[in-house]
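Enquirer: First the structure, then my questions, so here it is.
The values are calculated or read from the model by the stated rules, or taken from the named source; none is laboratory data. Note that this is a predicted model, so its numbers are computed, not measured. Methodologically, a virtual Cβ is constructed for each residue, glycine included, from the backbone with ideal geometry; neighbour enumeration extends over all protein chains shown. For accessibility, only protein heavy atoms count, side chains too; no ligands or nucleic acids. Shrake-Rupley method; radii C 1.70, N 1.55, O 1.52, S 1.80 Å.
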Amino acid sequence: MAIDIIYKHNNHPAMSQPGGSIMKARLIAAAAIALFATTVQAKTLVFCSEGSPEGFTPSLYTAGTTFDASSRQIYNKLVEFEIGATQIIPGLADSWEVSDDGLQYTFKLRKGVKFHSTKNFTPSRDFNADDVLFSFERQFSKSHPYHMVSGGNYEYFNGMSMPDLLKQVSKVDDYTVRFTLKRPEAPMIANLAMDFASIHSAEYAQKMAAAGTMDSFDQNPIGTGPFKMIAYQKDAFIRYKAHPEFFRGKAAIDDLVFAITPDASVRYQKLRAGECHVMPYPNPADIEAMRTDPKVNLMSQEGLNVGYLAYNVLVAPFDNPRVRKALNKAINKDAIIDAVFQGAGKVAKNPIPPTIWSYNEATVDDGYDPAAAKAALAAEGVEGLKMKVWAMPVQRPYNPNARRMAELIQADFSKVGVEVEIVTYEWGEYLKRSKAKDRDGAVLLGWTGDNGDPDNFLAVLLGCDGVGGSNRAHWCHKPFEDLIQKAKLVSDPAERIRLYEQAQIEFKKQAPWATIAHSIVFKPVRKEVTGFKIDPFGGHSFYGVDLK
Amino acid sequence: MFKFLLTKLAMIVPTFIGVTIASFAFIRLLPGDPILLMAGERGVTPERREELEAIMGFDRLLWDQYFSFLGDLLQGDLGVSIVTKAPVLGEFLARFPATIELSVIAIIFAIAIGLPAGVIAAVRRGTIFDHTVMGCSLTGYSMPIFWWGLLLIIFFSGILEWTPVSGRISFLFYFEPVTGFMLIDSLLADQPGAFKSAVLHLILPAVVLGTIPLAVIARQTRSSMMEVLSEDYVRTARAKGLSPLRVVGVHALRNALITVVTVIGLQVGVLLAGAILTETIFAWPGIGKWMIDSIFRRDYPAVQGGLLLIASIVMIVNLIVDLTYGLINPSIRHE
């Protein structure tokens with residue numbers, strides 16, 4: 001047994017670990033036996049994840065850590081984002097059709113897709129339409145037997161307005177399902193590629209219900225994805241094995257381990273020591289060392305996010321676009337990128353990041369020009385302006401240090417005669433109070449995209465429906481609103497691009513925000529790792545990854 | 001002795017009730033609420049908020065929530081985490097052996113080094129050894145755990161490569177936990193190298209967690225021993241011609257131990273508090289890390305349940321310490 005274990009993992013990086021001399025001796029013995037054995041060497045990839053998942057049913061949770069551990073390894077969706085991109089590719093659906101009125105989405109399902117076999121469950125049938133119905137009805141129908149299991153909070157399903165949007169999900173035949181909407185919604189396909197839309201096994205759910213162990217359904221996941229979960233020890237590790245019958249072919253690695261390591265500096269030490277192969281969220285202070293580390297390949301990509309300063313356009317003098325534009329010109333964004341992002345960011349000019357389709361390259365930013373800003377403010381009769389700038393109390397991907405950012409803005413504004421007071425609140429309070437229509441001051445906040453669709457930024461953050469809510473500028477501008485509403489209804493991609501590009505021009509004219517930055521995501525991986533791609537949504541997928 | 005025990009036990013009841021109120025109130029006094037934190041930047045509609053409040057029971061009056069918490073508690077039910085939806089007691093017990101294992105090894109390390117160091121420093125008062133011990137213990141006491149942990153990792157794991165960076169055992173080994181104590185489970189698993197790996201993983205976190213108690217024990221032992229060594233009966237023992245080892249080891253140390261045991265008892269609270277940071281640095285899957293996560297998520301049931309359990313453990317340990325006095329000093333049990 002012992003030899004078997006060592007042999008099975010003899011590609012493991014920890015073989016170069018302290019205490020490895022005994023291991024090495026045993027390895028030689030194991031290798032000698034292996035000469036006579038026919039077993040193929042197993043490859044184990046260790047990912048130093050940043051925390052424990054909240055659970056293993058993605059629709060119940062909202063954290064990226066949970067999605068990494070569940071939907072991105074264990075499950076598939078009807079449609080999926082291509083790994084490392086925002087393009088939609090077929091998943092469990094082979095193809096789909098949208099009716100002319102945009103109200104019906106008909107999916108043809110892939111045949112021969114196998115669910116995982118584990119010690120808890122052996123599937124008796126392949127994936128079919130019943131599994132799709134189960135996965136959506138659980139979230140959609142309050143009378144569904146599984147609706148209230150594990151708390152019954154389907155925050156993403158609700159957050160993406162699915163209860164208001166979906167009229168019905170129906171089975172046409174075993175391999176065809178139809179989604180009927182109450183109104184046309186062009187981003188619907190992108191929504192269905194999100195983690196909450198992961199497909200579960202209806203047969204497994206029935207088996208657990210019959211056994212009276214419905215809770216177990218969410219703790220011992222069964223999916224169709226490239227890896228099946230075999231063990232989880234809270235706050236310690238999650239172990240997966242490659243699903244041998246995965247419909248795209250078995251993963252190149254045999255075993256996947258999530259070594260839960262909350263501290264970023266410790267994650268880096270583990271990576272250096274060979275105790276893990278890939279780590280998320282490095283410390284900005286460690287980036288320089290990683291660049292020159294011979295064992296590490298430091299990958300980077302612009303994140304799917306935007307950090308902004310939202311003025312309250314309902315309060316004078318911020319109701320005047322010329323005042324807002326003047327203030328925007330007073331902000332030295334390059335200095336913010338250096339001081340706050342330590343170079344790991346890019347100046348933002350549009351409200352959507354450059355990695356999203358329809359990003360308008362042609363818009364012109366309000367460049368840093370304090371003299372022009374001062375003159376513009378004087379021209380608008382704004383003198384001796386005192387204002388508040390709200391700084392978030394937490395670190396977010398789009399803003400690693402809001403307090404520092406606010407201080408820099410305070411210094412910049414003082415150069416044009418505007419006196420800034422920095423305020424902050426506890427995070428929950430901050431989110432609540434910043435929504436108030438009579439909010440005093442401009443608020444630092446940001447957004448990370450959910451589905452790669454421009455609508456997920458422009459409508460959520462700047463649409464009229466979001467005033468008093470997620471639209472922190474409280475900006476409701478008819479020409480902009482007409483463009484984004486029209487873009488929701490048309491399904492022609494070229495037309496949608498044109499509408500969103502136009503919407504970005506309207507946004508720049510009106511400047512409800514000072515767009516500050518898009519962060520750059522760094523992903524340190526060991527040199528022996530091949531095929532790893534940075535996910536623009538911030539996730540980590542290990543299908544297609546191999547070890548040299 | 002029986003009366004002494006009864007008095008101590010009777011005092012636990014009001015303390016426990018106080019702890020239930022404190023643990024219930026503590027998390028609710030913090031600003032922010034779990035629903036807003038769960039929703040994040042995406043926000044939540046007022047209707048959805050009402051619905052979630054009803055599901056989580058936050059729509060009821062505070063006293064109603066408290067008494068229902070107390071009622072469930074009497075039936076051994078600490079509620080369900082609003083984040084993971086798992087029972088709080090199960091979540092706690094799944095992690096508790098890891099914390100116990102780390103704390104026990106840390107306190108053994110602290111006593112094994114701190115006690116003799118303090119005794120020798122007292123006996124050799126004013127020598128270079130005394131100054132070194134006191135200097136080191138002051139440094140150890142002042143050292144921020146976070147920084148100290150990272151320093152040891154960088155030196156022993158990064159540069160010397162003697163110890164693993166973090167975790168409880170190498171991922172080479174996998175076996176189903178039996179007791180939850182890795183040292184025991186790795187022996188039971190009968191996988192060559194597993195026990196050694198578990199020991200190697202335990203060294204740095206135990207040293208980091210044990211540093212402050214070590215410093216406190218060393219200083220307390222020194223001052224307590226110095227006081228006892230100047231007592232008349234010690235001078236008499238020396239005059240009788242007893243060996244220095246017997247005078248110090250038997251006559252002086254036993255009396256000096258009373259204050260030292262008190263300090264060790266109090267260190268249990270320090271250990272559990274220190275475990276929060278140590279576990280975070282060393283990715284040690286214990287209750288410390290779980291409590292921190294629960295506080296940040298405003299997971300009311302998890303925080304109040306966890307606090308209550310931790311406070312109960314500290315109370316029980318202090319009761320044991322009180323009873324130990326009786327064993328060390330007969331005059332106490334006869335009072």
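Enquirer: May I ask you to verify whether B:Thr262 is open to solvent by 10 Å² or more (accessible area, probe 1.4 Å), of a type in the set (Ser, Thr, Tyr) and away from chain A (no Cβ under 14 Å)?
Expert: Here the answer is yes, as B:Thr262 does meet what is asked.
Enquirer: Could you run through segment A:145-159 and say how many residues are on the phi < 0 side of the Ramachandran plot, assigned to a loop (DSSP other than H, G, I, E, B) and open to solvent by less than 50 Å² (accessible area, probe 1.4 Å)?
Expert: 4
Enquirer: Another one. How about segment A:342-400: which of its residues are acidic (Asp, Glu), surrounded by fewer than 18 Cβ atoms within 10 Å (Cβ to Cβ) and touching a residue at least 60 places away in the same chain (Cβ under 8 Å)?
Expert: A:Asp365, A:Glu380 - these are the residues of segment A:342-400 that are acidic (Asp, Glu), surrounded by fewer than 18 Cβ atoms within 10 Å (Cβ to Cβ) and touching a residue at least 60 places away in the same chain (Cβ under 8 Å).
Enquirer: Quick one: which of B:Trp290, B:Trp284 is in a loop (DSSP other than H, G, I, E, B), within 11 Å of chain A (Cβ to nearest Cβ) and under 27 Å from B:Ile27 (Cα atoms)?
Expert: Within the list B:Trp290, B:Trp284, the selection yields B:Trp284.
Enquirer: While we're on this one: I want to confirm something. Restricting to segment B:141-167 and keeping residues that are part of a loop (DSSP other than H, G, I, E, B) and open to solvent by 30 Å² or more (accessible area, probe 1.4 Å), which single residue is farthest from the other protein chains (Cβ to nearest Cβ)? Steps first, please.
Expert: Of the residues in segment B:141-167, the ones part of a loop (DSSP other than H, G, I, E, B) are B:143-144, B:160-167.
Then keep just the ones that are open to solvent by 30 Å² or more (accessible area, probe 1.4 Å); that gives B:143-144, B:160-162.
Values: B:Met143: 17, B:Pro144: 14, B:Leu160: 8, B:Glu161: 5, B:Trp162: 5 Å.
Residue satisfying both the conditions and the ranking: B:Met143.
Enquirer: While we're here: Please indicate, with yes or no, whether at least one residue in segment B:289-309 is over 30 Å from B:Tyr66 (Cβ atoms), among the basic types (Lys, Arg) and touching a residue at least 60 places away in the same chain (Cβ under 8 Å).
Expert: No: segment B:289-309 contains no residue that is over 30 Å from B:Tyr66 (Cβ atoms), among the basic types (Lys, Arg) and touching a residue at least 60 places away in the same chain (Cβ under 8 Å).
Enquirer: Scan B:Leu272, B:Leu253, B:Leu257, B:Leu277 and give me the residue that is surrounded by fewer than 23 Cβ atoms within 10 Å (Cβ to Cβ), on the phi < 0 side of the Ramachandran plot, assigned to a helix (DSSP H, G or I) and within 14 Å of chain A (Cβ to nearest Cβ).
Expert: B:Leu277
Enquirer: Tell me the residue from A:Gly307, A:Gly343 that is outside any helix (DSSP H, G or I) and at pLDDT below 95, please.
Expert: Only one candidate qualifies: A:Gly343.
Enquirer: I'd like the full set of residues that are open to solvent by less than 80 Å² (accessible area, probe 1.4 Å), more than 11 Å from chain A (Cβ to nearest Cβ) and under 20 Å from B:Ile21 (Cα atoms), limited to segment B:44-69.
Expert: Passing the criteria: B:Gly57, B:Phe58, B:Asp64, B:Gln65, B:Tyr66, B:Ser68, B:Phe69.
Enquirer: For a quick check of your reading of the model, give me the residue pairs whose first member lies in segment B:258-280 and is over 15 Å from B:Ile100 (Cα atoms), whose second is aliphatic (A, V, I, L, M) and open to solvent by 40 Å² or more (accessible area, probe 1.4 Å), with beta-carbon atoms closer than 7 Å and at least 6 apart or on different chains.
Expert: As it stands, the answer is B:Ile264/B:Ile111; B:Thr280/B:Ile292, since those pairs meet every condition given.
Enquirer: Let me ask something additional. Exactly one condition in (1) farther than 29 Å from A:Asp101 by Cβ; (2) free of Cβ contacts under 8 Å to residues at least 60 places away in the same chain; (3) of a type outside the set (Lys, Arg); (4) within 11 Å of chain B (Cβ to nearest Cβ) is not met by A:Ile422; state its number.
Expert: Every condition holds for A:Ile422 apart from (4).
Enquirer: Of the numbered conditions (1) part of a loop (DSSP other than H, G, I, E, B); (2) in contact (Cβ under 8 Å) with a residue 12 or more places away in the chain; (3) farther than 23 Å from A:Arg239 by Cβ, B:Ser170 satisfies every one except a single condition; which is it?
Expert: Condition not satisfied by B:Ser170: (3).
Enquirer: Being of a type in the set (Ser, Thr, Tyr) and either within 14 Å of chain A (Cβ to nearest Cβ) or not in a helix (DSSP H, G or I) (or both) is the filter here, so list the residues in segment B:70-114 that pass it.
Expert: Residues satisfying the conditions are B:Ser81, B:Thr84, B:Thr99.
Enquirer: While we're here: Could you pull out the residue among A:Leu445, A:Leu461 that is crowded, with 23+ Cβ neighbours inside 10 Å, touching a Ser or Thr at 6+ places or on another chain (Cβ under 8 Å) and part of a helix (DSSP H, G or I)?
Expert: A:Leu461
Enquirer: Something else about it: How many of the residues in segment A:464-483 are outside any loop (DSSP other than H, G, I, E, B) and at pLDDT below 95?
Expert: 5
Enquirer: Which ones in segment A:261-279 are open to solvent by less than 10 Å² (accessible area, probe 1.4 Å) and either in contact with a His (Cβ under 6 Å, 6 or more places away or on another chain) or facing chain B (nearest Cβ under 7 Å) (or both)?
Expert: A:Thr261, A:Val266, A:Lys270
Enquirer: A further question follows. Quick one: in segment A:219-260, of everything that is over 24 Å from B:Pro177 (Cβ atoms) and of a type in the set (Val, Ile, Thr), which residue is surrounded by the most Cβ atoms within 10 Å (Cβ to Cβ)?
Expert: That would be A:Thr224.
Enquirer: Out of all the residues in segment A:295-315, is one or more open to solvent by 20 Å² or more (accessible area, probe 1.4 Å) and at positive phi?
Expert: No, segment A:295-315 contains no residue that is open to solvent by 20 Å² or more (accessible area, probe 1.4 Å) and at positive phi.
Table: residues versus (1) in contact with an Asp or Glu (Cβ under 9 Å, 6 or more places away or on another chain); (2) open to solvent by less than 60 Å² (accessible area, probe 1.4 Å); (3) within 19 Å of A:Leu192 (Cβ to Cβ).
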{"position": "A:Thr86", "(1), (2), (3)": "yes, yes, yes"}
{"position": "A:Gln104", "(1), (2), (3)": "yes, no, yes"}
{"position": "A:Arg110", "(1), (2), (3)": "yes, yes, yes"}
{"position": "A:Val113", "(1), (2), (3)": "yes, yes, yes"}
{"position": "A:Thr118", "(1), (2), (3)": "no, yes, no"}
{"position": "A:Phe121", "(1), (2), (3)": "yes, yes, no"}
{"position": "A:Ala129", "(1), (2), (3)": "yes, yes, yes"}
{"position": "A:Arg138", "(1), (2), (3)": "no, yes, yes"}
{"position": "A:Ser143", "(1), (2), (3)": "no, no, no"}
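Enquirer: Sticking with this structure for a sec: Within segment B:22-34, take every residue that is facing chain A (nearest Cβ under 7 Å) and modelled with pLDDT of 75 or more and give me the one that is surrounded by the most Cβ atoms within 10 Å (Cβ to Cβ).
Expert: In this case the residue turns out to be B:Asp33.
Enquirer: On to the next question. Looking at (1) open to solvent by 30 Å² or more (accessible area, probe 1.4 Å); (2) touching a Pro at 6+ places or on another chain (Cβ under 9 Å); (3) modelled with pLDDT of 90 or more, which one does A:Glu97 not meet, given that it meets all the others?
Expert: Tallying (1) open to solvent by 30 Å² or more (accessible area, probe 1.4 Å); (2) touching a Pro at 6+ places or on another chain (Cβ under 9 Å); (3) modelled with pLDDT of 90 or more, A:Glu97 fails exactly one: (2).
Enquirer: I'd like the residue in segment B:173-187 that is hydroxyl-bearing (Ser, Thr, Tyr) and farther than 18 Å from A:Ile238 by Cβ and, out of all such residues, is least open to solvent (accessible area, probe 1.4 Å).
Expert: For segment B:173-187, the residue satisfying everything is B:Ser186.
Enquirer: Any residue in segment B:35-49 that's at pLDDT 80 or above: show its pairings with residues that are of a type in the set (Asp, Glu) at Cβ separation under 8 Å, as long as the two are six or more apart or on different chains.
Expert: B:Ile35/B:Glu53
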